[in-house]
1. In the stretch 298-356, what count of residues is obtained for those that are among the β-branched types (V, I, T), in contact with a Phe, Trp or Tyr (Cβ under 9 Å, 6 or more places away or on another chain), at pLDDT below 95 and in a strand (DSSP E or B)?
2. Can you pull out the residues in the stretch 408-443 that are in a loop (DSSP other than H, G, I, E, B) and among the hydrophobic types (A, V, I, L, M, F, W, C)?
3. Please specify each residue of the stretch 536-574 satisfying the condition of being farther than 22 Å from E518 by Cβ and part of a strand (DSSP E or B).
4. Could you identify the single residue in S161, S154, S192, S131 that is under 27 Å from Q259 (Cα atoms) and free of Cβ contacts under 8 Å to residues at least 60 places away in the same chain?
5. Considering only the stretch 441-485, state which residues are in contact (Cβ under 8 Å) with a residue 24 or more places away in the chain, of a type in the set (G, A, S) and over 20 Å from A4 (Cβ atoms).
6. Based on this model, can you work out whether E486 counts as under 25 Å from Y135 (Cβ atoms) and outside the structural domain of T223 (by TED's automatic domain parsing)?
7. Looking at this structure, is V53 within 18 Å of H114 (Cα to Cα) and either β-branched (V, I, T) or buried (at least 20 other Cβ atoms within 10 Å of the Cβ) (or both)?
8. So how many residues does the stretch 240-263 have that are crowded, with 19+ Cβ neighbours inside 10 Å and part of a loop (DSSP other than H, G, I, E, B)?
Amino acid sequence: MTAAPERDIYQLAAELVPGLSAGFPRIVAPSPPEFETGRVDTFWLLDLPALTVYQSEFELRLITGHAYWYVEEGQSIRQEDLERSAAAFEEEIYPRIIRVFGAEWSPGVDDDPHLNILNARLKAAGGYYTSSDEYPNTVFPFSNQREIVYINTSAYSVGSSGYNRTLAHELQHAIHWNGDPSEETWMNEGLSELAVTVAGYGQDSVGRFLRAGPTSLINWPLTPDHAGVHYGASSLFMHYLYEQYATPLGLRPLLEEPQDGIDGIDSYLAASGFGVTFRDVFGDWVVANLLDEPEGKYGHTGFETVPRVQNIVDSYSEFSSEIPQYAVEYVEFTSFSGPLRLRFQGNAETALLPVDAGAQGCWWSNSGDSINSTLTRSLDLRGLDKVRLNFELWYSLEELWDYAYLEVSINGGQRWIILEAPHTSAENPVGNSFGMGYTGESGGWIEESVDLTSYAGQEILLRFQYITDDAVNGAGLCVRRIFVPEVQPGPLSGEWEAKGFILIDNRVAQDYIVQVIEIDEQNRVSVMKLDGSNDGELLINAPQDLNRLVVAVAALAPKTLQPATYTISATPSG
């Protein structure tokens, strides 16, 4: 399925921000600054639970080779603790991470090679990095216009290993933005967890994943409440990728790969000459998590992985389930005697969206992090006095972070005017919105009607646009039954220029990987071949004294957030 175009913040600002023209400065400092300890600066901070921003003052307490170390006013942080973490950063964390992942943008938006490390009483988050700070505040109004890592000193004591772990994690985010600012969340977060290991600190998220049920590797929840298990999944996968498929340059080529997510991994593996695909690696990782052999592709280095096998099935019975896409479920068969015939039945297709697209389908915006999808067409309104646009819309977007817009242009697309519609919102608590936009959930198909009379008598361009931020995304939006009765009696058809948008029938091909794992002194792994309907069977000549027989079922359908269903059964063979 075609990927959506990546967002270009500078282009978007030039098109959508009133009064801002193309070619505005990207570096905010007229010359490199010269800072001394003791100075006090004011910074914007994010209150994640309240979803708002606020300002606080910080004192510059320490300057090292690569960083300014700020402390929020009113905090009692010992200088020796700050110096201890600073020494760990300069001597271990920074050099180890840049060797594997590359470097952050330097000298950056502020024309200063120093990273800024802000120690603050953050609300909820243990730490964070936001790419909005990499842009002028003419683009993002709450940008601090510096390269910044924020650490929550209420959660981690300065000088502690927890503090240093968080610093390593967030540093990778800054580096990743410089290498590939549009990377998907699951890869970015997984690589940040890997960075913690590279820096010399342990992992604590992998265990949560192994104890949980089937968890999607790539599709993360819209709210952070249950994100911990997804951190564990991404962490374990990226550790496996690094152990098995690192290059002499570490993973820097992967970070700098222009394609994102699975496509980026496929390109990286191909360019590095490994001769495998993401699908191959994912399938092997699924088995490695269960077997954890001491060497080879079915094991991990530095981890003891014992995933929870939640489904124990008596042989000669049937088991049905549904699992998230890019997740695995382990089904263990017991009490068998002699050879088995295992049968699997899956679905050939799965719904892309949890809504009926209609007989004529709908224009789907695509989905992803840091994307800019547009659906555009010209409208000749000359000779008209009154004009009204009607359409139906469904959407599921990351609320108050990602937005969709309805726009017109009267100068051939150089500038765009964002229109207000009955269900658009002016809310913009973190500065991500360019104007009146759709955000959150529509709750089903909604009917929109927008008066275009102010553009009557002109030739205009009409555009639907969907813009997402760096992290986490919903299913997107779908638009259908687009009418301008004064121009055309039926729905506007043809002549649409789609960049990222796809006309869909709401079906995607469902893929599965079904692997039968015989666990004994000599482990054996067999891949079940499936036909075009995703049905298959496999004969297992398992000895009666076989230790364990586990079937690993993984679902892999692109883009959809809808689960995959399957049935597996075992009968005596012979």
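The values are calculated or read from the model by the stated rules, or taken from the named source; none is laboratory data. What you are looking at is a predicted structure, and each value in this text was computed from that prediction instead of being measured. Note that we place each Cβ from the backbone using ideal geometry, even for glycine, and neighbour counts take in every protein chain shown.
1. 2
2. Of the stretch 408-443, the ones in a loop (DSSP other than H, G, I, E, B) are 410-416, 419-424, 426-436, 439-440, 442-443.
Matches in the stretch 408-443: I410, W416, L419, A421, A426, V430, F434, M436.
3. Let us first name the residues in the stretch 536-574 that are farther than 22 Å from E518 by Cβ, namely 555-565.
Correct list: A555, A564, T565.
4. On the way: S161 fails: under 27 Å from Q259 (Cα atoms); S154 fails: under 27 Å from Q259 (Cα atoms); S131 fails: free of Cβ contacts under 8 Å to residues at least 60 places away in the same chain.
Answer to the check: S192.
5. Filtering the stretch 441-485 down to residues in contact (Cβ under 8 Å) with a residue 24 or more places away in the chain leaves 441-442, 444-453, 455-485.
Subset that is of a type in the set (G, A, S): 442, 444, 449, 456-457, 471, 474-476.
G444, S449, A456, G457, listed by residue number.
6. Numbers: under 25 Å from Y135 (Cβ atoms): no; outside the structural domain of T223 (by TED's automatic domain parsing): yes.
The answer is no for E486.
7. Details: within 18 Å of H114 (Cα to Cα): no; either β-branched (V, I, T) or buried (at least 20 other Cβ atoms within 10 Å of the Cβ) (or both): yes.
The answer is no for V53.
8. Of the residues in that region, 3 qualify.
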